[in-house]
Amino acid sequence: MRSFCLLSLLVVALLRGGLGQQPDSSQAKNEKTKSEQPRTAERKTPETAPAREEKKPETEKAEPEDKEKEEHYDVTEIPPVTTHHQVTVEGKLLKYTATGGRLPIKRADGKIEAEMFFVAYTLDGQDVSKRPLTFAFNGGPGSASIWLHMGALGPKRVVLKPDGFMPAAPYRMEDNAHSALDRTDLVLVDAIGTGFSRAANAELSKKYWGVKGDIEAFGEFIRLYLTRYQRWASPLYLLGESYGTTRAAGVAGYLTEHGISFNGIVLLSMVLNFETLVFAKTNDLPYVLILPSYTMIAAYHKKLARELTQDLAKTRLEAEKWASTEYKQALDKGDALSPQERQAVIDQMARYTGLSKEVIDEANLRINVREFTHYLLIDQKLRVGRLDGRFTGPDPEGLMDTPFHDPTGSATLPPYTSVFNNYVRTELGYKSDMPYNVFAFQAGSGFSKWEWGSAIQGFPDTASALREAITKNPYLKVLIMEGYYDLATPFYAADYTIQHLDLPADYRKNISYATYDSGHMVYLHTPSLRKFKRDLVSFIDTSMGEGQ
C-alpha cells in the first residue's frame, strides 16, 4: 500500500520509531522483593535457538517468486535470560535486574503462532504493588522499540552529539543518567517481525501486520507478562511513540474490555486519526494542521522575516490561528477561490513557511511534507528532515529531484543498530544468531503491506478506543508529548485530535501536554531528554496520587 506522499516515503519513514507506512489516500479519502522471573535460569541463553529456517527448493526447480511462503521460524519457548546490574540515575545508584526473552502468542488450542521479544528492567527490592510498571514501544508500523529503549527510557543510552546528530564511528553507549528506571519498572516490547519477535511463518505474520492484529498481539503480551511476572497488582502505564501511540490507544481500549486498566498513557509524537495526516485531493485538513510545524522549522533555519523570530511562541500561535481560520477557509473554497483571495493566501503562506511564492502557487496552496523538505533549503542544495526538521543533508545521489530522502534516518540508524546488537548479546547475555530486525521489512518479503482496514471503515482511527478507555476509567491520565520540529506527526494535528474527543470537562482535565524544541524523537536532543524525564516523572506522580 503506498504511503501518503510517495512509495519511497514508506522505506524512509520506517527507518525510525517514526511513522512509516500509511493508508492509501485514495482508499481512505471518503471515510473516516520477590523474584519476578519465573523459570529463571541465571545467565541461561537461547544460544541453541536457530535463526530463521528457510525451506530449500527442490533440486533443479526454479526458486519460487513468492519467497515469503518459504519463511519459517522456530517459535519454541526458551527460558528468559536474567542479569543483574547497577547504574547511577539522577545522582542515585540503582541496582536492577534485566530480563530478556520472548513470550508466546498462542491461538485458542494452545499452539504458538508467534513470539514477542522484550527486555524488562526491574528495580531490586521494591514492593511491586506500589511500583509502577510501564510497557513501552515504538511504532512504524514496523519499527522495533530500540529507539525508546536506547535513546530515552533504558539504563543505557546511545552516545550522540548533544543536538542529536551522529558522531563518528565506532559508536558507543553510556549510562543513561536520565533513565526512567528510578521511577518505574520498564518493559520494552518489539512488535512481531521486528527485533527478535517472529511469527511462525509468513502467512501468520500477515495476521499480526495490521491495526487489529497488532493491537490484539500487544494486548495478549501484556496480559501474559502480568501473569508470569506477577505484576497484576502494580500501577500500570503505556508509553507509545509515533504509530506506537495509535497502538497504545487501541490497546488501552482493547484491554479495558478484558479487565485491565491503566493509571496512565503517554503518547509521544501522537497520531490517532490518520485523516489528520493523509494528504489527498479531497482532504485539506492535513495541510492546515501541519503549517505551524513548517513555521517552526523555517524559523529554526532562519527562513522567516526577523520580526517573526523575535518571539517564537507568539509566532507559533499566530501561525496556528491563521492556519485554522483564513487558510482553512481558503482551502474550503477550492476552485471557487478568487484570484485576489488566492494571492492573499500565497503572501501569508510564504511569510509563515519561508517558501517562495512561486512554489506555493504551483502547489495550489497545498504544500505536502516532501515539497516542504525539498524546497525550504533548495538554495543550499540541502534536504530538511521529516522526522526532525532540524536535520539537513544533501541528496545521496547529488540531485534535488531524487526520491524522498530523510537526513534524520541516515544520522541515527547506524549508531542505534550497532550499539544495541552488541549490548543485547554481551551485557544482557541474549546470545542468538537470529538477526535483530530494526524494521519489519528486514523480516522478509512478507512485510509488504500493512493492513489498515477497508475503505468502508474510513481512515484508520484509534481515538475512539482512547475515548472509550478514558470514559470507562475516570482516574486514567493521559500525557501528550510533542516536538515542534516533527513533520511525521505534527503537534497541531495531535492537539486537533484530542480537542475532538468530545469528552466531558471532568475527563478533559485528565489530559495534559508537554512540548519540546525537538523533532519526532524528542529525546535525541539532550536538553529535551532531560525535560522528557521530568515531565514523565511528574506525570507518574500525579497519576498515582499522593502517598503512592
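So, with +1 on the Cβ of K and R and -1 on the Cβ of D and E, and no other charges, what is the size of the charge dipole of the stretch 277-408 about its Cα centre, to the nearest 20 debye?
Values: 18 positive and 20 negative charges, 67 e Å.
With Lys and Arg at +1 and Asp and Glu at -1, about 320 debye.
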*Take the alpha carbon atoms of the stretch 104-182, find their center, do the same for the stretch 245-267, and report the distance between the two centers in whole angstrom.*
19
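Using Cβ contacts closer than 10 Å as the measure, can you line up Arg425, Arg157, Arg383, Arg131 from fewest to most? Walk me through the numbers before you get to the answer.
Numbers: Arg425 16, Arg157 22, Arg383 25, Arg131 19.
Starting with the residue having the fewest Cβ neighbours, the order is Arg425, Arg131, Arg157, Arg383.
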*Of Lys156/Lys509; Lys207/Lys449; Lys328/Lys477; Lys303/Lys357; Lys314/Lys509, which sit over 23 Å apart, Cα to Cα?*
Lys156/Lys509; Lys328/Lys477; Lys314/Lys509
_Exposure proxy order (Cβ contacts within 10 Å, fewest to most) of Ser538, Ser242, Ser205_ = Ser538, Ser205, Ser242
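All of the numbers you see were taken from the coordinates with simple rules; none came from a lab. None of these values were measured; they are calculated from a predicted model. Quick reminder, even Gly has a Cβ in these numbers, built from the backbone with ideal geometry, and neighbours come from all protein chains shown.
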